[in-house]
Structures are given as C-alpha cells and as structure tokens.
Amino acid sequence: MKRTCLLGIALLALVRLFFAAGGDSAATHDRGNLDRFVAAHIKRTAAPPFAFTYGGKPSSEFLARWASAPEMRADGDKTIETVVYRDPATKLRVTALYTLYPDFPAAEWVLRFKNEGSSDTPVIADVMNCVVRFADWPEGESVLYRALGSDAQRSDFAPVRDALPENAEVRFGPTRGRSSDTTAFPFFNIAAPERGIVAAVGWSGRWKASVKKTGAHTLRLDAGMERTHFRLKPGEEVRSPSIALLFWKSADRMSGHNLFRRFVLAHHTPRPQGKPVELPLSHGVGFGGPFPCNEYVCATESYALAMIDRLRQFGIDPEACWIDAGWYENATRSWWSGVGSWFPSRERFPRGLKPVTEAAKKWGKGFVVWFEPERVYEATWLDREHPEWLTKLPGNPNRLLDFGNPQALSWLTDHISNFLQSEGVTIYRQDFNFDPAPYWQAMDTPDRVGIAEMKHIEGLYAYWDALLDRVPGLLIDNCASGGRRIDLETIGRSVPLWRTDYSYFEPNGYQCHTYGLQLFLPCSGTGNNNTQKYFFRSSMGGALVLGWEINGTYNNAPFNLAQAHEDIAEFRTLRPYFYGDFYPLTDYSTSDEAWAAFQWNRPEERDGIVLAFRRHQAAESSITVILHNLEPDGDYEVTFEDYGITLFKTGRELAAGLCIKIPEAPGSLLIKYRRVR
C-alpha cells in the first residue's frame, strides 16, 4: 500500500497488519486439512473429488459400485495413487490418478476415460474434474484472489479480488480456446480467516471454475472443461484437465501465494539439472528492416552473423541469441503467411540456420528459434502436402493442424525434433496466435462435443514431452500471442519468455504485469529495448529478451553502451532473487500517476531486494513501504544502490516502514538488504 514518508507510525501499524509476514515455514503448511481432504476424497473412493454423468445418470449414483481399491506407488519425490472405476455392463473405465507430495500440503489429480468395450459408450457429459465441498470452512470474511489473463493490454494479469459473502458465487474462465486468454487465469487463491486454498487448473484450452460460499461454514469449488458431451468409440481413450489444491494456513493470504510459488518451483518448473532452470538473458539477431519488413522476414544469414559479431565487438553478452517469426519459406513479406512451411528460406538462409547457431555456439551462447506449428496458413507446405491433417473454416486463411491426428503429430514430432538437433537450436519457442475453439467445435459432432479439444491438447503435451526427451537440455518457450496459454500443465514443460504482446517495451505496463503474474508464478520474462534504468528494471524478472539497436537508436530509445553493460551485470546479480518470496508493496494501479514497488525476499539466505518505480506523472517524490517476513530482532544492512547509501536497521524498524525517495519522474530505485546479525 502506498504511503508518503510523512505518515505516522499508527497508520503504518495498520498497514503492517494488512500485509503480515509470510513464507514457507512449517506453520504455513496446512497438513491437517490436506489429510482430511485425502481421507474424504482419495482414500474414500465412494466420494471422489470429481463428477460426470453417464447415460444421463450422475456419477454419484453408480461410481461407488465400480470402484477398485487405491493402488499406491512412489515416483521420485512424490506418491502416486491410482483408483480405477469400471462399468461391468458397458466396459467404460475411468481412471483417477492422484499425486501427493511429502514436502508440500498439496494434492493433484487427473481423469482418463477409456472404452474397453466393443461398441460405442453411452454419452459421457458434464465432466467436472473438481467438485469439492468443504463443510468446515472458517466463519468470517472469505475472498477469492484471482487474475485476468493476457489480452495485450496494460491490464494483462491484473489481480482481481472477489468477496465471497454467504450464497455468493463467482464464475470465471477464458472465453476463448487458450487457457489464460483475456478474461481469466487458471490459478487462484481462496482465502478465509487464518487459512485458505490455492487452486490451479491444468488445461490448455477452455475451462471454467466457480467458487461459492454456500453457508457460514461451507464452501464449494467446481472446475472442469467448458463443454463435454461425448461417446467413446471402442478402444478410444481421452484425458481431461488436471487439478491441484494447495492448503495453507496463516493470517496473511500472501503466505498462500508464496507457498504456491515454492511448490511451482519444486514440482512444476522445468528442471534440466535437477533444479529449477535458470532462465536466459537473450538478444535478437535478425530483427529490423525498412517497410514492408516485419518481425524477422528480412533477416538473412549474413545479417544474423554480423549482429552476433556486433554484439561481441561491443561486449554485449547475452546467454542466448534469438530469431523470431519470419525465417522460413514464405511467398510474401508478412511473417504470418509462411506458417506451415517449416523450412529455412532458401534465399535468405541458403545453408539453413546452422551457420548462425554455430557462430553463437562458438561464442558459448544458446539459440532461440520461433515456430507456430498449430497454425497453418493457406498455400504453405503443409496446406499443399497434407490437407487431410488440417481443419478449415469458411473464408479463413488459417487452418488448424490437428494434434489429435496420430499421423500429423508423428510427422511434426519427427520433423521439429530433427530440425532442432540438426540446426543447433537449444530453446524452442512455440507461439499460438489464433483461437482454436471454433476449429474444435467444427470438428465435433453433437455426440462428440469436447473430443477434438481433448485430443488436440493431449497431443500438445505428448509433442512437448517428446521434444524434451529427444533433444537433451532443450528449453521450451511458451508463447501464445504473449501469455495466453499459461496453466498448470504448460508451466511444468515450458516457460513464457515473452509473457505479453502488450505494447512492446512500455515500462509502466510491464510493472503491472509483474504485479499480477508474480502472485502465482516465479518464472517468466519479457522484452527490453532501452538501456535506461527505469525501462530496463521495469522489464526485469526471471528472464529478459533484449532488442537493443546498438548502431544508433531504435523506437526513439537511445543506446548507451556503458549503461548496457551495467544493466546486464545488474540483471545477472538480481536474477536469483526473483525465485524468492514475492510481496507487492504498493496497491495495484495501471495509472501513470502511481508508484509501483515490489519486494523479493529470500528467508533462507536472509536477504532480499526492493524494486521501486515512480511513474512519469506521479506527483509524490516519496512513499513509505512495509517490508515483509523479516526477523524482528535481526540487524539488517540496507543499501540504496542508486544513491550509494547504506543504513542499518532492525527487522522491527523495517516492518514499521521504510521511506523511499525518487526525485525524478519517471525514476526507479533498487534496494538490497541482508541480515548481518
């Protein structure tokens, strides 16, 4: 919450009560309520945490008669429990796969349906993967903390606060076929006095959820696919969304957010060397050119090699080089009209991409290359050679490559995995720039509603898993018009290195995106084209994509070489902190008249950072912020990096308020602190 430095201690104390300390202490792990949930819904197979109808009858009427006893097995650092339900008459098999974690108070599950009979099943409909009733919900105010999805707006990932009075219901979900598109984000925190639940949906298509306070001590949580009404053919099998619930307890809902962030880092983040991947600092090596050039359609082998040499010449030292849309065969100068021809342009890259990636490799750098395999534009190679794999809509030049088609998926997996290895690509960037929902709907018949979506999404996961298996050390960058396909299933396989297509490089919007996204997810990145500290720091997070024009100016952004070197050094110093616990120190605001300030705290290392921003129309030159989760009796060294000033304060003093002054607008301030005693 923003306050000027003149506020009194009494008001600061009230602020401190609102933003109490949090973290991953054992006290925040609500094992008791997790154990009760497991006993009620996993061990007790008669009351599973999901529901559907079969042949018009609700599953609650028959599922208990079908159930088998749970089977348990260890799987690395987690436990898998499997319950199989079989209909003796129609041979439908329903498999519930549960995952439990010894180090976190969390439970996950996913459902699979398979027809083991010799004829079509009756209709399976209204599949809700989460149907949970909490009969001992704490009395008092309950609040649903969630976020918007991405829509290339300053308000992308904006935090949403929904009060939950008795009998109030909040329904939410994306209105399109990508999981974090525009209206909803599939991670949310339901907070009651002293405890709560963070829920996550793992589904990269359309999902829906609702939360309702049904009584003084009762709460209902439902989640699943938007529409399901289908028969399964003999031998056919489909899967549906995964669900995760994490149980936390604290007087502060930020404890739940940060416990979930730690859970994500431990169990839902790519871990190529057994620890969360260190996200890269990247730089483009092919952008630019006069109209009608766009994206990388004017990139050439010689230009990309020259850019690599130019970066080396001036000591600009990224960890990966980057070629985005436009490197492939294309009959026009518009990047989008070539998607579906996944072969390097013979004119611009006559030897393929290998000479460019090899130059980066000799420099010790990785290489990012952009693809959009699900979209096929008319008259491209796939459209000409394999129209049977594509779904078309009248009057639309975009086709959907059917990931549910085994032949299409096999070809794509072989082609792209071979391409990545032969061309020397280390980071596979997958974009997805149109809404697949109308295509899935066109593929479904009235008794197969949901089938096309389920098979496409399961094909997507199989495709990514195969790439990760076949290409050692590969990192997948998940882009879908920015961050429109972020969910529990995608974050474990990929990271969004470019989290939004909002007005490229605009700093105040980037601060807003950090606010909302960091409440749930520690790993993401965005772009920067301006070395000035205010702009560069507004872009900083776990990853950063540079588009510096080092030969002069680009988009009216002056290039300062000395500042560029300082920026890169600062990013590398601060990058580990972004995996720490996150606390917003100001109210969320998209206004140019506001301040934004954030804290990342590392209690294990007993240190942290604060990044503060005074936007260009902010009238006040100072605010007071409350630092979180510090040890009251500890002595802390607090360094204002931009001013060369170091103070020594106790944790109790810092929790009472720290004054931050930024004389210029716009302006930024970096503060580092560490416990010294």
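Please treat every number below as a calculation from the coordinates, not as lab data. What you see is a predicted model; the values in this text were computed from it and never measured. Virtual Cβ from ideal backbone geometry, glycine too; neighbours counted across all protein chains shown.
Just a few scattered comments:
- Criterion applied to Asp431, Asp402 was being crowded, with 22+ Cβ neighbours inside 10 Å and closer than 19 Å to Arg484 by Cβ, and the one residue passing it is Asp431.
- Residue within segment 635-643 that is among the acidic types (Asp, Glu), out of contact with any strand residue (DSSP E or B) (no Cβ under 7 Å at 6 or more places or on another chain) and within 22 Å of Ser25 (Cα to Cα) present: no
- Breaking point among (1) surrounded by 15 or more Cβ atoms within 10 Å (Cβ to Cβ); (2) in a loop (DSSP other than H, G, I, E, B), for Val94: (2)
- Residues that are within 13 Å of Gly55 (Cβ to Cβ) and surrounded by fewer than 20 Cβ atoms within 10 Å (Cβ to Cβ) within segment 120-137 comprise Asp120, Pro122, Val123, Ala125, Asp126, listed in sequence order.
- Filtered residues of segment 622-677 (kept if in a loop (DSSP other than H, G, I, E, B), in contact with a Leu (Cβ under 9 Å, 6 or more places away or on another chain) and in contact (Cβ under 8 Å) with a residue 40 or more places away in the chain): Ile626, Leu627, His628, Leu630, Asp642, Gly657, Ile662
- Test: Arg253 is charged (D, E, K, R) and within 27 Å of Ala452 (Cα to Cα): no
- Residue check for Val132: in a strand (DSSP E or B) and within 19 Å of Phe62 (Cβ to Cβ): no
- Total residues in segment 597-620, condition under 19 Å from Thr639 (Cα atoms) and either of a type outside the set (Asp, Glu) or not in a loop (DSSP other than H, G, I, E, B) (or both): 16
- Asp587 vs. criteria surrounded by fewer than 17 Cβ atoms within 10 Å (Cβ to Cβ), out of contact with any strand residue (DSSP E or B) (no Cβ under 6 Å at 6 or more places or on another chain), in contact (Cβ under 8 Å) with a residue 24 or more places away in the chain and within 24 Å of Pro522 (Cα to Cα): yes
- Looking across segment 264-312 at every residue that is farther than 29 Å from Pro576 by Cα and among the β-branched types (Val, Ile, Thr), the one that is surrounded by the fewest Cβ atoms within 10 Å (Cβ to Cβ) is identified as Thr300.
- Residue in segment 64-91 that is surrounded by the most Cβ atoms within 10 Å (Cβ to Cβ), counting only those that are over 32 Å from the mean Cα position of the chain (by Cα) and polar (S, T, N, Q): Thr90
- Count of residues meeting criterion [under 18 Å from Glu295 (Cβ atoms) and surrounded by 14 or more Cβ atoms within 10 Å (Cβ to Cβ)] in segment 343-373: 14
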